[in-house]
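The values are calculated or read from the model by the stated rules, or taken from the named source; none is laboratory data. All figures in this text were calculated on a predicted structure; none of them were measured in a lab. Glycine gets a Cβ as well: all are built from the backbone with ideal geometry, and neighbour counts include every protein chain shown. These accessible areas exclude ligands, DNA and RNA; they are computed on the full protein's heavy atoms, side chains included. Shrake-Rupley method; radii C 1.70, N 1.55, O 1.52, S 1.80 Å.
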Amino acid sequence: MSLILGIETSCDETAAAVVEEGRTVRSNLIATQYDLHAKYGGVVPELASRAHLEQLDALIQEALAEARVTPADLDAIAVTSRPGLIGCLLIGVTAAKALAWAWGKPMIGVDHIEAHATSAAIALDHRPWPALSLVVSGGHTSLFLVRDVDDIRLLGATVDDAAGEAFDKVASILKLGYPGGPVVDSRARAGDPGRVRFPRSMPGDGLDFSFSGLKTAVLYHVHGPGRTTGGLERLTAQDVNDVCAAFSEAVVDVLVERSMQAVDRTGVTTLLLGGGVAANSLLRSRLAERCRGGGVKLHVTLPAYCTDNAAMIAALGHNLLLRGRRDRFHLAASASRT
Ligand code: KG4
Ligand code: ZN
């Protein structure tokens, strides 16, 4: 039996989990910092790392207790070491090193985005590779070809804003609060997507994404061409719902189209969906519909493993350890993927 402690501190969620055999989640705890950053409209890195420092130790103890394991029962520690906010990553990596040393356990650094890319496999009774994986989160919008846990190739990524970031920025334009994804999603369900049409941008000949033009189109639609303030007061609640619906349609159209292009280009007919935006109701239903029609097997990550969590870090860590991978105490945290 393999028991891995996972630690995640790359952005604004402090998380710890214990996972057995890479797929049975024994505990999965998240201390969110939403309230801390809400009034700033985005994550403040210094506040985030300080909050990780304050919460992580107790959260790890709780994750072990809930999983009914002691440090001695653990086989290894997996920690997010890249990419993310460097001060935040350092808190998790330093904790993992200290515990690995104190408890005499192996340790492995895990790529946060690769963990999102493989998170749909948690709780599956088989390994779904080879698969395409669409990771849509607040910081990333990327399409990967996952041939195996240690063979994950980037096919395309956003050249500007991430999809979740676009949701957050549109929520901020409409003064709907932060994080914006869930509220824009629910307002969109009450809206008419046909009243406005926002642009769909698919840059280049590859599989890249771009959402900043769409965000600007929403801004000018709300305030008037070339204007950045003054127009919101004129919109009724129904107008706001309609903007949310039209914006969601535009984002989802692009995400679905690029995924289907990836299927055509690679011939791979399994698609995984992960990251915080995977919770979006329109994206889930549209992707399911297109996959059904195109003979593509879709695995959507379970909600608990969509937003940042440590179970996905422990699960990928387990699979990499099985391949003989492990890190030493000079493991570095890195803001980028390399
Ligand atoms: O994966 P995640 O926790 O953060 C990163 O690693 O970046 O994803 C958070 C993002 C936020 O931008 C949030 O607005 C978005 O996911 N999100 C959604 C929904 N739920 C969360 N976006 C659209 N629809 C949702 N239902
Ligand atoms: Zn994430």
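As an equivalent ellipsoid, the stretch 65-145 spans semi-axes of 26, 19, 10 angstrom, where each value is the square root of five times an eigenvalue of the C-alpha gyration tensor, largest first.
Summing Lys, Arg as +1 and Asp, Glu as -1, what charge do residues with Cβ under 12 Å from the Cβ of LEU235 carry, LEU235 excluded? Can you show the working numbers first?
Values: positive: LYS175, ARG187, ARG195, ARG234; negative: GLU233, ASP239, ASP242.
Once positives and negatives cancel, what remains is +1.
Per the Debye formula on identical point scatterers at the alpha carbon atoms of the stretch 225-334, with no solvent, log10 I(q)/I(0) at q = 0.19, 0.20, 0.22 Å⁻¹ is -1.06, -1.10, -1.18. Its Cα gyration tensor gives the stretch 89-128 an equivalent ellipsoid. The semi-axes, each the square root of 5 times an eigenvalue, are 26, 13, 6 Å from largest down. Relative protection proxy for 254-263, 78-87, 3-12, 307-316, from highest mean packing down: 307-316, 3-12, 78-87, 254-263 (other beta-carbon atoms within 10 angstrom). Residues in the chain average 42 Å² of solvent-accessible surface per residue, probe 1.4 Å, ligands and nucleic acids excluded. Sorted on the mean count of surrounding Cβ atoms within 10 Å across their residues, most packed first, peptides 143-154, 48-59 read 48-59, 143-154.
Taking the C-alpha atoms only, the angle from helix 311-322 to the longest principal axis of the chain is near 50 degrees. 3J(HN,Hα) along the stretch 172-183, derived from phi through the Karplus expression 6.51 cos²θ - 1.76 cosθ + 1.60 where θ = phi - 60°, amounts to 5, 4, 8, 6, 9, x, 10, x, x, x, x, 6 Hz, with x in place of Gly and Pro. The separation of the stretch 123-166 from the stretch 66-93, counted between C-alpha centres, amounts to 22 Å.
Could you tell me what fraction of 2.2 N^0.38 Å the Cα radius of gyration of the stretch 145-286 comes to, as a two-decimal ratio? Numbers along the way, then the final one.
On the way: Rg = 16.0 Å, N = 142, 2.2 N^0.38 = 14.5 Å.
It is 1.10.
Computed over every Cα-Cα pair of the chain and binned at 10 Å starting from 0, the pair-distance distribution P(r) comes out as 6, 26, 32, 23, 10, 2, 0 percent. Can you give the log10 of the normalised intensity I(q)/I(0) at q = 0.29, 0.30 Å⁻¹, computed with Debye over equal Cα scatterers of the stretch 1-47? Results for the stretch 1-47 at q = 0.29, 0.30 Å⁻¹ read -1.00, -1.04. Between helix 237-266 and the chain, what is the angle of the helix's C-alpha long axis to the longest principal axis, kept within 0 to 90° and rounded to the nearest 10? Tilt of helix 237-266: around 60 degrees.
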